[in-house]
Structures are given as C-alpha cells and as structure tokens.
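Here is the structure we will look at.
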Amino acid sequence: MSDIDAFRQSTERKRANASADIEGIGGWLILPMIGLFLAPVAQMIIFFLERDVLASLDTLTAFQRNLVIAEMAIRAVLYIVVPFVLLLLMFNKRRSFPRAYIAWVIVIGLFVALDLVLAYLAFKRHFDTSGEPFFDRETLRAIAGAAWGVIIWVPYMQTSRRVKNTFVN
C-alpha cells in the first residue's frame, strides 16, 4: 500500500467518523427550531394588531369577508398549530420531520402567493381609489420571508448530515 492510498483511507475514515458525530439539534438546525417557537408568538401578535379588522367585517362584501376569515383561519393553522406539531416531531427526532418541515415552508410560500392574488382581487377597488400601494413594506417582507424559507431550508433539510443523523426515529 502506498503512502497516498494510506492517506486516502485515513482521510475517508476521519470523514466518516466526523459525519457520524454530527447529530442532535444543534448547529444550523437551531435556526428552524427558533423559528418554530417564534411563529406562533408572532402570529398571535399579528392577530392582536388586526383585531379591528374583525370589528369591521360587516362593512365588507361577502367575498371580502369570507376571504378575511379564511385567511385568518389558515394563518392560525399554518403559524400556530403546524409549528407545534413540527416541534413535537423535531424533539422526538422523528424521521418525518425534515419532509414535514419542507412541506410546511413550501405551503407557506404558496399560501402567501395565493393570498396576495386573492387579496388584490378582493380589495382592488380600495387600492385603486385610495392611492395606497398594494405592495407595501409588510407585503414585500412576507414575500421575501416565504421565498427565503424555501431557498434556504429546503436544500438544508435535504442535504445536511446533521439532519440525516438526527432524525432517525
């Protein structure tokens, strides 16, 4: 065996051992965990700030009213219920966590896009007559957040050694 072959084998063994050592909820995996803890808190704050919307539902058309109620219900599920379920999967190190998390960030991205289209259609006259921009700071932040969620966390959940070594139950 040549020195080069011995070096390659030694390097491969070190890599295999290092890969096996990377497990547990740590490293970059802390960020999705923090996000899952903060999502329900942020959504409850948003619901509190939007309480006047519920008080003015009777001034809206039937389509607008149904859209607002459906959007709030879907946000409650996506940002309050689902994060709790994902945290349970995460802390129990369930094999289904990475796929469920990926599905969640993709669904949020699709929801944000569909919600924007429907909101614009439902409230087009308001935006046309009031001069308020439809794409305000909050709207752009929601689009960017959903896009970054998909761009960053889908590949991470699919390729991370820590994810593969942690979620094995």
message: residue 110 - would you say it is touching a residue at least 40 places away in the same chain (Cβ under 8 Å) and part of a helix (DSSP H, G or I)?
response: no
message: So residue 26 ticks every box in (1) more than 18 Å from the chain's Cα centre (by Cα); (2) open to solvent by 30 Å² or more (accessible area, probe 1.4 Å) but one. Which box is left unticked?
response: (2)
- request: Determine whether residue 52 is modelled with pLDDT under 75 and part of a helix (DSSP H, G or I).
  value: no
message: Take the residues in region 57-78 that are charged (D, E, K, R) and more than 13 Å from residue 115 (Cβ to Cβ); name whichever of them is modelled with the highest pLDDT.
response: 65
field: Out of 75, 65, sole residue that is open to solvent by less than 70 Å² (accessible area, probe 1.4 Å), closer than 21 Å to residue 123 by Cβ and among the charged types (D, E, K, R)
entry: 75
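Could you tell me whether residue 81 is open to solvent by less than 50 Å² (accessible area, probe 1.4 Å) and either at pLDDT 90 or above or of a type in the set (Phe, Trp, Tyr) (or both)?
No.
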- prompt: When only residues in region 113-160 that are on the phi < 0 side of the Ramachandran plot and outside any helix (DSSP H, G or I) count, which is surrounded by the most Cβ atoms within 10 Å (Cβ to Cβ)?
  reply: 160
query: Based on what the data block shows, is residue 99 assigned to a loop (DSSP other than H, G, I, E, B), open to solvent by 70 Å² or more (accessible area, probe 1.4 Å) and closer than 30 Å to residue 25 by Cα?
result: no
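The values are calculated or read from the model by the stated rules, or taken from the named source; none is laboratory data. These numbers come from a predicted model, not from an experiment. Cβ sites come from the backbone with ideal geometry, for glycine too, and all protein chains shown count toward neighbours. Protein only, heavy atoms only, side chains kept; ligands, DNA and RNA dropped before computing areas. Shrake-Rupley method; radii C 1.70, N 1.55, O 1.52, S 1.80 Å.
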